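These notes concern the structure reproduced below.
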Amino acid sequence: MDVMTVRIETRASNPKLYEGTLLDTLKLRGKVELVPPGTLPNDGKVIEDLRSYE
């Protein structure tokens with residue numbers, strides 16, 4: 001079973017604040033990971049598939 005992780009740049013510390021918005025907006029459940037501002041690359045890449053197909 002695949003698991004989606006959404007990384008959000010924010011100074012907030014409670015991922016629960018974003019989980020409802022994720023479900024409401026994308027109609028998908030996923031893990032929310034909060035990272036400090038400036039952490040994520042600004043390369044235009046929106047989706048990165050890290051699944052292993054072994």
*Give the Kirkwood hydrodynamic radius (Å, one decimal) of the chain, defined as one over the mean of 1/r across all pairs of different Cα atoms.*
12.5
*Per DSSP H run of at least 4 residues, take -39500 (n - 2.57); add these up for the chain, divide by its residues and hand me the 222 nm value, nearest 500 deg cm²/dmol.*
-6000 deg cm²/dmol
_Options Asn42, Pro15, Tyr53, ranked by Cα towards positive dipole end of the chain, top entry (Cβ charges)_ = Pro15
*For Arg7, which sequence-distant residues (separation of 5 or more, or a different chain) have an amide H within less than 5 Å of its own amide H, given hydrogens modelled in the peptide plane?*
Glu33
_Please compute the contact order of the chain in relative form: average sequence separation of alpha-carbon pairs under 8 Å and at least six residues apart, divided by the residue count, as a percent._
42
*In a shell of Cβ-Cβ distance under 13 Å around Gly38, excluding Gly38 itself, what net charge do Lys and Arg (+1) and Asp and Glu (-1) give?*
+1
*asked:* Is there a quick way to get the dipole size of the chain? I mean about its Cα centre, with the Cβ of Lys and Arg at +1 and of Asp and Glu at -1; what is the value in debye to the nearest 20?
replied: 220
*Where does the charge balance sit around Ile47 when Lys and Arg score +1, Asp and Glu -1, over other residues with C-beta under 14 Å from its C-beta?*
-1
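Values quoted throughout were computed directly from the atomic coordinates according to the rules given, and no laboratory measurement underlies them. This is a predicted model, so every value here is computed, not measured. Neighbour counts are summed over all protein chains in view; Cβ atoms, including those assigned to glycine, are modelled from backbone coordinates with ideal geometry.
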